[in-house]
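S.K.: Right, I'll just put the structure down here and ask away after.
The values are calculated or read from the model by the stated rules, or taken from the named source; none is laboratory data. This one's a predicted model, so the numbers in the text were calculated from it and none came from an experiment. Cβ coordinates were reconstructed from backbone atoms using ideal geometry, including for glycine residues, and neighbour counts include every protein chain displayed. Calculation scope for accessible area: heavy atoms of the full protein, side chains included, ligands and nucleic acids excluded. Shrake-Rupley method; radii C 1.70, N 1.55, O 1.52, S 1.80 Å.
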Amino acid sequence: MSQVVANVLIKLELNSFNFTNILSDRIGLYLHPYAALINHSCNYNAAVTFDSDNLYIKATRPIQKGDQIFISYIDATNPVKLRRSELRERYYFDCHCAKCAKDLTEPEHSFLGPETQDDLSALEGAEIEAYELLNECSSAVETDPKKTAKRLRSSIKFLRKVGAWPVTEQPLVSLRDELIASLLADQDIGSGFVQAAVRYLRVDPVVYGDERHPVRQLHAYALARVAVSLDYGEDGDSTGLLGLVDVRMEPVLLAWSVLSRLVELEDEACTVPSFKTMVRWLFDDVNERFKGDKKKPEDRGDDIRREWEKIELLVDRALEKGY
């Protein structure tokens, strides 16, 4: 390889974005001369999103006049050692943002509490295995989603059991994302619904604080879609999901609740036009389900609250069982 070609490839790697569709599936590389000038921070204040061949930079929190716009070049939810390793390997710099400075001063795995700090060998081994599993997941889901889901569930249970690993800490966050994808690919809609509900209620509000965050918006949409599928009977009766709760649910009412909130926030959310259109399509489809009913869903506030109480119970039971 000539030096000229090598230099071009290096510049491409340093200045390109991972090109994704509106569901955040990676489909290639994207180059933009101005967007490439935006600097990185793990404590970012803006996010990159794509709509067809258009790139959007959306603020994830208020940015004051004169403040610099930062995006994250990597997954900022990962531990500081992994973040810095990824940045060093691909972009050849160390991050010195406020988030990294804070994380570097804290003992590794400090979130597990002092009682687990004496013997971390089992936990560290489980963590390494979890990240290795995550690296395999993309191709594994396509070839054998059932087997992949089993391995992911086992990894989640082990981390939760050995060190009472919080559901809001990596690698549990990514393991659950991959588990949901695997379950749905295997047409296990009931289990996928449970995991999507855990993510929506217990993970995302902590990991992505603002509900306008693009990842949180996407996960809310995913929960609504799974709820609609469950209501259509694609996974049988929705009563007593996985034996976790012994109550009858109305998933389409839950879907309506989630989608109505997405529609309410659409002007403020950090999402692209095609995503908002997709949400509207599903919302219209759900509203069709209520045509002919004596009461419209917007007039069923008490019923919606009861549905969320059932979901809270379902999520609590799932987490108690180590799911």
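S.K.: Could you work out the mean projected area of the convex hull around the alpha carbons of segment 74-224, in square nanometres to one decimal?
M.R.: On the way: hull surface 38.8 nm².
Taking a quarter of the hull surface, the average projection is 9.7 nm².
S.K.: Could you check how much of the accessible area of segment 62-114 is carbon and sulfur, as a whole percent, using a 1.4 Å probe?
M.R.: 56
S.K.: For the pair ILE128/ASP94, report the inter-label distance in nm, with labels modelled 7 Å from Cα in the Cβ direction.
M.R.: Placing both labels 7 Å along Cα→Cβ, they lie 2.4 nm apart.
S.K.: Right, something else. Figure the gain on full extension for PHE111 and GLU264 (residue separation times 0.36 nm, minus the Cα-Cα span) and round it to one decimal in nm. Can you show the working numbers first?
M.R.: Details: separation 153, 0.36 × 153 = 55.08 nm, distance 3.51 nm.
So the chain would gain 51.6 nm between PHE111 and GLU264.
S.K.: For VAL80, what charge total do you get from the other residues with a beta carbon under 10 Å from its beta carbon, if Lys and Arg give +1 and Asp and Glu give -1? If you can, show how the numbers build up before the last one.
M.R.: Working: positive: LYS81, ARG83, ARG84, LYS99, LYS102; negative: ASP103, GLU106, GLU108.
Local net charge: +2.
S.K.: Can I ask one more? How big is the charge dipole of segment 127-229 about its Cα centre, in debye rounded to the nearest 20, if each Lys and Arg gets +1 on its Cβ and each Asp and Glu gets -1 on its Cβ? Display every interim value, and only then the final one.
M.R.: Details: 14 positive and 14 negative charges, 81 e Å.
My answer is approximately 400 debye.
S.K.: Let me make sure I get this right: for segment 243-323, a, b and c are the square roots of the gyration tensor eigenvalues over alpha carbons, sorted descending. Under 1.5 in a/c it's rounded, otherwise prolate if a/b > b/c, else oblate. Which is it? Numbers along the way, then the final one.
M.R.: Values: a/c = 2.43, a/b = 1.37, b/c = 1.77.
Oblate, since a/c reaches 1.5 and b/c is not below a/b.
S.K.: Then there is this: How would ARG83, ARG289, ARG212 line up by accessible area, probe 1.4 Å, largest first? Intermediate values should be presented prior to the final figure.
M.R.: Details: ARG83 5, ARG289 90, ARG212 70 Å².
Of ARG83, ARG289, ARG212, the descending order of accessible area is ARG289, ARG212, ARG83.
S.K.: Can you give the extra length, in nm with one decimal, that the chain gains between ASP285 and ASP51 once fully stretched, where that is 0.36 nm per residue apart less the Cα-Cα distance? Don't jump to the answer; show the numbers that get you there.
M.R.: Working: separation 234, 0.36 × 234 = 84.24 nm, distance 2.26 nm.
Once the chain is fully extended between ASP285 and ASP51, it gains 82.0 nm.
S.K.: Stretched out fully, how many nm does the piece from GLN64 to ASP293 gain, at 0.36 nm a residue minus the Cα gap?
M.R.: Working: separation 229, 0.36 × 229 = 82.44 nm, distance 4.79 nm.
Full extension of this stretch gives 77.6 nm more.
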